[in-house]
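Working notes for the structure below.
The values are calculated or read from the model by the stated rules, or taken from the named source; none is laboratory data. Model, not experiment: these values are computed from the prediction. Glycine gets a Cβ as well: all are built from the backbone with ideal geometry, and neighbour counts include every protein chain shown. Only protein heavy atoms, including side chains, enter the accessible area calculation; ligands, DNA and RNA are left aside. Shrake-Rupley method; radii C 1.70, N 1.55, O 1.52, S 1.80 Å.
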Amino acid sequence: MTSIITDRENLQIQSGSPSTRLTVAHLEQVQAILSEAHLDYQLELVDGKIIVTGPSDIVSSEIGAEFASLLLNWVKPRKLGRVFESSGGFILPNSNLTAPDVSFVLAERLKQSKRYFAEMVPDLVVEIKSQSDRLKPLRDKILSFIENGAKVGILIDPDKHTVTIYTPTAEPVVLRDGDMISIPELLPGWEVPVVELWPIDFE
């Protein structure tokens, strides 16, 4: 038996028994039900609970597409690794299944993609604050990736025009318009102006 908990940001599905944790198999069952009903929701498995989230606002989506494009344009010609958007799910060592808004895995760690979730921790994870998101859960999600082995985490806040970079060995670094984003730990030479991430206005 399962129970459903809702809040402003998402919906949680958890086992009716405190001692029973939901698994990836349960998530796949829920996903199949939603797909049959033509419902477009993204599922994550966190601490034995299935988190159901709907589409994000279009500003967050556009920023995610821009960041992924800028990253892919550098990575792909050099065969440095693989870039994934928000549908790419990763099964972490703690059994959570979660999908960053943008992620990157070095080529030597994932030489061939397969038709399933990646059972690994991405080297880079990017989370983009949507209109309804609170910052603390996004920070916690990034820090969970870092604790499980991610080398770099990036939190983009379109409301404040900030980009915060997290690494395992240093304090978070906050970048603003006028600053450059770089990830020397993973992608030496890659640089992007923070201001390039924000959607432009058409006259």
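At the residue level, W190 shows approximately 10 square angstrom of accessible surface with a 1.4 angstrom probe and all protein chains present. Show me the GluC sites (Glu not before Pro) within region 70-133 that DSSP assigns to loop and that have at most 13 other Cβ atoms within 10 Å of their Cβ. Counting only loop positions with at most 13 other Cβ atoms within 10 Å, the GluC sites (Glu not before Pro) in region 70-133 are E119. Here the chain is treated as a sphere whose radius is the Kirkwood value from Cα pairs; by Stokes-Einstein at 25 °C and 0.890 mPa s it diffuses with a coefficient of 138 µm²/s. A straight Cα-to-Cα reach below 15 Å connects K160 with the aspartates and glutamates E127, D133, D177, D179, E196, residues fewer than 8 places away in its own chain not being considered. Exceeding 23 Å between C-alpha atoms, which entries from my cross-link table qualify? They are K79/K151; K76/K111; K49/K114. Table pairs above 23 Å Cα-Cα are K49/K114. The residues of the chain have, on average, 58 Å² of accessible surface per residue, using a 1.4 Å probe with all protein chains present. Under a Gaussian network description of the chain, with springs only between Cα atoms under 10 Å, the residue in L27, L175, L39 that fluctuates furthest is L39. Put simply, the amide H of L175, placed in the peptide plane, has neighbours under 5 Å in V163, T164, I165, leaving out anything fewer than 5 places away on its chain. Around the amide H of I183, modelled in the peptide plane, lie the amide H atoms of W190, all under 5 Å away and 5 or more residues distant in sequence or on another chain.
Could you tell me which trypsin sites (Lys or Arg not before Pro) in region 23-116 are loop residues by DSSP with no more than 10 other beta carbons within 10 angstrom of their beta carbon? Listed in order of number, the matching sites are K79, K111, K114, R115. Where only DSSP H runs of four or more residues are counted, the chain gives -7500 deg cm²/dmol as its mean residue ellipticity at 222 nm, each run worth -39500 (n - 2.57). Within the listed set S35, S60, S182, the Gaussian network model of the chain (springs between alpha-carbon atoms below 10 Å) gives the highest mean-square fluctuation for S35. Once all protein chains are placed together, Y41 keeps about 90 Å² accessible to a 1.4 angstrom probe. For region 146-189, trypsin sites (Lys or Arg not before Pro) meeting the loop criterion (DSSP other than H, G, I, E, B) and having at most 13 other Cβ atoms within 10 Å: K160.
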